[in-house]
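Read-outs throughout are calculated quantities, based only on the coordinates presented, and are distinct from any laboratory measurement. Computed from a predicted model, the values in this text were never measured in an experiment. Every residue, glycine among them, receives a Cβ derived from its backbone with ideal geometry; neighbour counts consider all protein chains shown.
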Amino acid sequence: MKSMDKTLTELCGNDIRYCSYEEVYMALLSLVQKESEKRAVPATGRKLYYISAEFLIGKLLSNNLINLGLYDDVKACLEFHGKSMAQLEETEPEPSLGNGGLGRLAACFLDSIATLNLPGDGIGLRYHCGLFHQNFTDRLQDETPDFWLGGHDWARKTDITYPVSLAGRDYTARLYKIAVTGYEGRTNYLNLFDLDTVDQSIIGKGIQFDKQEIDKNLTLFLYPDDSDDDGRLLRIYQQYLMVSAGAQLILDECTRRGSDLHDLYDYAAIQINDTHPSMVIPELIRLLCEKGIDFEEAVEIVTRTCAYTNHTILAEALEKWPRHYLDKVVPQLTPIIEKLDAVAASRTNDSSTAIIDSNNIVHMAHMDIHFTHSTNGVAALHTEILKDSELNHFYKLYPEKFNNKTNGITFRRWLLKCNPELTQLIENLIGTGFRKDASQLEKLADFTEDRKVLKQLASIKYDNKLALAEWLKNTQGIYVNPSAMFAIQSKRLHEYKRQQLNLLYLIHQYFEIKAGRLPQTPLTAIFGAKAAPAYTIAKDIIHALLVLSTVISLDPEVSEWLQIVFIENYNVTAAEKMIPACDLSEQISLASKEASGTGNMKFMLNGALTLGTMDGANVEIADAVGDDNIYIFGQSSKQVIHRYAQGDYCACDWYEGDPNIRRAVDFLTSEEMLFHGSQEHLTRLKNELIRKDWFQTLPDFNAYVVRKNQALADYAENPIDWTRRSLINISKAGFFSSDRTIQEYNRDIWHLG
Ligand code: 26Q
């Protein structure tokens, strides 16, 4: 502590007591940067490049201090001088470089790669405003820019630049680097590209800007609105900037390390995170050919170097571009894509695997599967569905390429950092070995009958609920009852994730309570979700939940038993407060649609019980904890796939045939709701549910009500047993460490070092 005091005082240039939080933060930033550089050893052997449009890294200061082993010292030192770590954290803006699970997964992977001492960097874009900031105005989402780059971010500007040609014009991509510290491990880097000419002042109302001024707008936002041609073209511009600069960086580094490029795969493994970076394949081929390698060999080199991860079976999320878009933005790539299409066609006469289809649409995922050596899904069920149905034609062609890598999360952020009290309890019981070997959490099974331990665990959960309540009061002016059961659904807003099913349950409960059928315990339903700006129905669902929240809060008969909290601008920082405070984790997607989910793992690790469908990684969670320790409901993925194949689902039959469903759906446009809400939004949502309900909310409604009420009853009737089952969940969470996932990627795909 003494030497830390001296170091920090020197860095601050003043007595810490008299420094502002901002000054202390800047001092720590430079301390961390110095310390992390010491651990940045050069790569030997094969190095990984993880290319991704998103890296949802969250705030970095505390995480880096933990990973560098400095956290306790710094905290003690600050407290000695009357400063709090929590307040210091407020100073740091959250980097807004991602949207949801795919981006957070990339961040967890970088942490695990560095922790396992593997050489591996990220490659992405330095978005000036990242994803938008979500605000609720008149109970509707609106969007404003999130200016997270304020001079004290972690990205270091370098003098490394690469030329990139977009629509025939030359641009210069500049590299920025963020150090990625491993837990007691090495330092790797997140490489982010940007243009010097990007100009935030062109942002007009909300998040609008001139989509044609490429030099000024290129890296302003993640996922700019793509509801028009200019927006879609902009996405291609962004993607090509990322992959072209990224490919040049990779070739540069490998050449400097001794590669003659014919042996690129001995120096580099490239993981393509979903289809957003898929153009790296033709771009690498183009660059290799430019350096004198012939086309066939370049194709072979790139196939051996690259691997592809699929994160979805939703057809609309598998990127396809009209060929003329690519002709316009990347004319240097289309001849190559055409040749790749011809190679693919020479391998099969199954036209469903074509890269360029008969309508001149380019299928990015098809290019990935043909021209990488590995295609993986992100949970066991998801991979099986890819092999059996969605990508079955490819699986028949290349069975050896398909493999599963069930997702994971880093325990450093999602336990050590966000739940220090639980971490301490675990360490008192089983020591610190689980920090690097998560399977050791199994040892907690010895304590499931120990009443003293269970009481401690219950009191930690309660304290975390108090802390969330305090945070909600201070940041959003919302008061919650910490004795209520906290059921949390936080994730991107999407119909397949079925926040609307939760909504219908809450309306149902409203009626039950009004009829005097009281639940066994009060329930606080907490939501966190952003809707894509052009996704109308998703925004309608947010509106309905916010309106219902008001209706309930103004009705004293109901509000004693039921509360809805929709957290504004859900992000990693909010997740770190919500997850440790959760009793019931809502994972209620339509079976077969959620590739994996990773929030489910975070909640489980923090002692929540899951209420979920047999979807994504829920299936593996259910396997691990056993039926008694999870609440499963709803149709199976087989039933769902069958129903889609039959094509005979009619929501109106369920609406008309079930009075409870009808009552809940009709309430959307009731007087009570319309008093606070908008006719347009609520009517559209109601019609959608009755006429379409593409994600089959209504057939799962009754099973959901029954299971959720069962969970409420169990929670109320036998709290000790609830806590026992919570401990079982924690003890089985080890498998879901991203360290395990990364070891599997390395063993089967990357072979690093
Ligand atoms: C595609 C085309 C046009 C515009 C946008 C997109 C687009 C953007 C983002 C498509 C998908 C995404 C993000 C997907 C995502 O976050 N997927 C999640 O990945 C997690 C990590 O594997 C899984 O756990 C989740 O199940 C999956 O939904």
Starting with the highest mean, order 373-381, 322-330 by the number of other Cβ atoms within 10 Å, averaged over the residues of each peptide. 373-381, 322-330
Rank 97, 353, 440 by how far each Cα sits towards the positive end of the charge dipole of the chain (+1 on Lys, Arg Cβ; -1 on Asp, Glu Cβ) and give me just the farthest. 440
Taking only the alpha-carbon positions of region 347-430 and ignoring solvent, what does the Debye formula give for the base-10 log of I(q)/I(0) at q = 0.24 Å⁻¹? -1.13
Using +1 at the Cβ of each Lys and Arg and -1 at the Cβ of each Asp and Glu in the chain, identify which of 453, 749, 600 lies farthest towards the dipole's positive end. 453
What fraction, in whole percent, of alpha-carbon pairs in region 482-636 exceed 23 Å separation? 36
Which GluC sites (Glu not before Pro) in region 469-522 pass both tests, a DSSP loop state and at most 10 other beta-carbon atoms within 10 Å? none
Kindly write out, for region 228-237 in residue order, the coupling ³J(HN,Hα) from the Karplus curve 6.51 cos²θ - 1.76 cosθ + 1.60 (θ = phi - 60°), rounded to whole Hz, with x marking Gly and Pro. 10, 4, 4, x, 5, 4, 4, 4, 5, 4
The answer for residue 737, listing residues at least 5 apart or on another chain whose modeled amide H is closer than 5 Å to its amide H, is 409
Using eta = 1.002 mPa s and T = 20 °C, Stokes-Einstein with Kirkwood Rh from Cα pairs puts D for region 156-267, in µm² s⁻¹, at 135
Per the charge dipole of the chain (beta-carbon charges, Lys/Arg positive, Asp/Glu negative, Cα centre), the residue among 668, 591, 609 reaching farthest to the positive end is 609
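If you add up the charges near residue 530, with Lys and Arg at +1 and Asp and Glu at -1, over every other residue whose beta carbon is less than 9 angstrom from its beta carbon, what do you get?
0
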Please give the residues of region 233-265, grouped as numeric ranges, whose backbone N is less than 17 Å from a label point set 7 Å along the Cα-to-Cβ vector of residue 319. 233-248
Can you sort 394, 736 from fewest to most other Cβ atoms within 10 Å of each residue's own Cβ? 394, 736
Have a look at the DSSP beta bridges in the chain and tell me what percent are antiparallel, nearest 5. 40
Can you work out the Karplus-derived ³J(HN,Hα) for every residue in region 509-517? Use 6.51 cos²θ - 1.76 cosθ + 1.60 with θ = phi - 60°, whole Hz, and x for glycine or proline. 5, 4, 5, 4, 5, 4, 8, x, 8
Share of alpha-carbon pairs per 5 Å distance bin for region 76-222, given as whole %: 2, 8, 13, 17, 18, 17, 11, 8, 4, 1, 0, 0
Show the residues, 5+ positions off or on another chain, whose built amide H is closer than 5 Å to the amide H of residue 50. 121, 122, 123, 271
Nothing charged except the Cβ atoms of Lys and Arg (+1) and of Asp and Glu (-1): what's the magnitude of the dipole of the chain about its Cα centre? Round to the nearest 20 debye. 1020
Calculated FRET value between residue 534 and residue 649, using beta carbons and R₀ = 25 Å, to 0.05: 0.45
When only alpha-carbon atoms count, how far does region 32-126 stretch along each of its three principal axes, as whole angstroms with the largest first? 46, 32, 19
Cα Rg over Rh - region 342-396, Kirkwood: 0.98
Taking amide H atoms as placed 1.01 Å from N in the peptide plane, list the residues 5 or more away in sequence, or in a different chain, whose amide H sits under 5 Å from that of residue 268. 47
Dimensionless Rg/Rh of the chain - Kirkwood Rh, Rg from C-alpha atoms: 0.96
One finds the C-alpha centres of region 416-482 and region 646-696 to be spaced, in Å, by 40
At 0.36 nm per residue, minus the direct Cα-Cα distance, what do residue 462 and residue 210 gain on full extension? Give it in nm, one decimal, please. 85.8 nm
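Summing Lys, Arg as +1 and Asp, Glu as -1, what charge do residues with Cβ under 12 Å from the Cβ of residue 451 carry, residue 451 excluded?
Result for the local shell: 0.
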Net charge, residue 210 excluded, C-beta distance under 12 Å - Lys, Arg +1, Asp, Glu -1: -2
Just tell me which lysines come within less than 19 Å, Cα to Cα, of residue 339; anything on the same chain fewer than 8 places away is out. 291, 320, 328
Please express the Cα-Cα pair-distance distribution P(r) of region 81-145 as a list of whole percents, one per 5 Å bin, running from 0 to the bin with the greatest distance. 3, 12, 14, 16, 18, 16, 11, 7, 2, 1
Here, residue 449 and residue 339, labelled 7 Å along Cα→Cβ, have an inter-label distance in nm of 7.0
Highest first, please rank the peptides 480-493, 114-127 by the mean number of other Cβ atoms sitting within 10 Å of their residues. 114-127, 480-493
Which of 461/692; 539/708; 473/602 exceed 29 Å between C-alpha atoms? The answer is 461/692
Restricting to Cα pairs under 8 Å and 6 or more apart, the percent relative contact order of region 604-672 works out to 25
Cα-based Rg and Dmax for region 605-753, in Å, come out at 20.3, 65
For region 408-463, using Cα atoms only, the Rg and Dmax in Å read 11.2, 31
Calculate the dipole size of region 365-405 relative to its Cα centre from +1 charges on Lys and Arg beta carbons and -1 charges on Asp and Glu beta carbons; express the result in debye to the nearest 20. 80
For the pairs 177/405; 417/593; 177/465; 6/34, flag any whose C-alpha to C-alpha distance is greater than 26 Å. 177/405; 417/593; 177/465
